[in-house]
Amino acid sequence: MKSAALTHVQVPEALRRRGIDEVLVFQAGLRHRFRRIEVRDGLLLHGEQGWGECSPFWDYGATESASWLHAGLEAATRPLPAPVRDLVEVNVTIPVVSPTQARRLIAASGGCMTAKVKVADPGSDLRQDCARVAAARAELGPEGRIRVDANAAWSVDEAVAAVIELDAAAEGLEYVEQPCPSVEELARVRRRITVPVAADESVRRADDPVAVARAGAADIVIVKAQPLGGVARALDVVDRAGLDAVVSSALDTSVGLGIGTALAASLPRLGHACGLATIELFTGDVTTSPLLPEGGALVPRRVEADQPVHQDVPRALVDRWVERLTAICHEL
Ligand SMILES: O=C(O)CCC(=O)C1=CC=C[C@@H](O)[C@@H]1C(=O)O
Ligand SMILES: [Mg+2]
């Protein structure tokens, strides 16, 4: 894996006051288009506990991005929660790719026995989604688990019809993640299908991340440290939701993945593989020892950003991040 581009920027006073002594902008390529992006960029923050990440996607405004900054600050300045397990089982993430590529990604995943397959993307139809899911089953064999993520793309009726077909193509789905946008729709889908429902956007982009659990609209909550405002807040969401949790990445670098893995390692109950094997989707990382799975699992550890920093992020991107960080600091 190549090195991501990294460049130092001045630490804003608002962050210095909170214990941050170094801020880096990073830029890394993605192997496949994911969430309509081909390049991932963001910030790394350093404090007395090590490195944290703040990498909100560009479609997030300053107010929503404040949770991501809060997570980065917490990671850099507060100790991680005590682990209750030494290994965190993870899933391989399959973007909208051909069946052959899906099989290759699974074969090269470092032993993952669970695959999360992206479906309902504008770039593919249900027939192609079923072919990708069937390829995943062929590669994993009968012991493997397959989950699909629709990113809120379906109506209730579309979701019910699609899940029946995908469940057949997968020879059994572990769960369907965020089939529809609203909590109310998730509840209606859940009543009509036998496949369990996981809530992602209804947790990470909701005013009340626990509302979906209270409404009986999901069987599983997906928790991502950055959008939820950090590890402590994510642990609180899982506790209050009272449901099984799957810790996933926000397409973080290995710095954020290390924090996510520590969160997963500290959960009192963990019954499913976590979505933290996403550095495989990157062409470069901010460390020379990326957080890659072995035997289908990650070992929780803090990850340090590479030194020396080569100051090689394009100037225009650095300026964009400096401006954005100033705006997000106002929302802290
Ligand atoms: O859960 C995984 O396997 C990996 C993480 C993942 O799929 C996502 C990360 C970041 C943005 C999201 O569009 C996407 C998701 O919806 O879960
Ligand atoms: Mg999702």
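Please give the residues of the stretch 59-74, grouped as numeric ranges, whose backbone N is less than 16 Å from a label point set 7 Å along the Cα-to-Cβ vector of THR326.
Residues 62 fall inside that zone.
For the stretch 244-332, run through the GluC sites (Glu not before Pro) and keep only the ones in DSSP coil with at most 16 other Cβ atoms within 10 Å of their Cβ.
Listed in order of number, the matching sites are GLU331.
Per-residue accessible area for LYS2 at 1.4 Å probe radius, Å² rounded to 10?
140
Give me the accessible area of SER155, 1.4 Å probe, in Å² rounded to the nearest 10.
SER155 has an accessible surface of roughly 50 Å² with all protein chains in place.
Expressed as an acute angle from 0 to 90° and rounded to the nearest 10, what is the orientation of the C-alpha long axis of helix 315-329 relative to the principal long axis of the chain?
Roughly 90 degrees between the two axes.
Give the shape of the stretch 88-298 as rounded, prolate or oblate, defined through the alpha-carbon gyration tensor: a ≥ b ≥ c are the square roots of its eigenvalues, a/c under 1.5 means rounded, and otherwise the shape is prolate if a/b is larger than b/c and oblate if not.
Note, shape of the stretch 88-298 comes out oblate.
Per residue, how much accessible area does the chain have with a 1.4 Å probe, in Å²?
Numbers: 13510 Å² over 332 residues.
Accessible surface, normalised per residue, equals 41 Å².
Out of the GluC sites (Glu not before Pro) in the stretch 121-213, which ones are loop residues according to DSSP with at most 10 other C-beta atoms within 10 Å?
Those that pass, being in a loop and sparsely packed, are GLU143.
Using only Cα atoms, locate the centre of the stretch 48-113 and the centre of the stretch 227-302, then give the distance between them in Å, rounded to an integer.
5
So, taking all protein chains as they sit and a 1.4 Å probe, how much accessible area belongs to ARG16, in Å² rounded to tens?
120
With the full set of protein chains in place, find how many percent of the accessible area of the chain is carbon and sulfur; take the probe as 1.4 Å. It would help to have the intermediate numbers written out before the result.
Working: 6690 of 13510 Å².
Heavy-atom surface of the chain belonging to carbon and sulfur, 1.4 Å probe: 50 percent.
The values are calculated or read from the model by the stated rules, or taken from the named source; none is laboratory data. Everything numeric here is computed off the predicted structure, so don't read it as measured data. Note that each Cβ is placed from the backbone with ideal geometry, even for glycine, and that neighbours are counted across all protein chains shown. Just the protein is used for accessible areas: all its heavy atoms, side chains included, with ligands, DNA and RNA removed. Shrake-Rupley method; radii C 1.70, N 1.55, O 1.52, S 1.80 Å.
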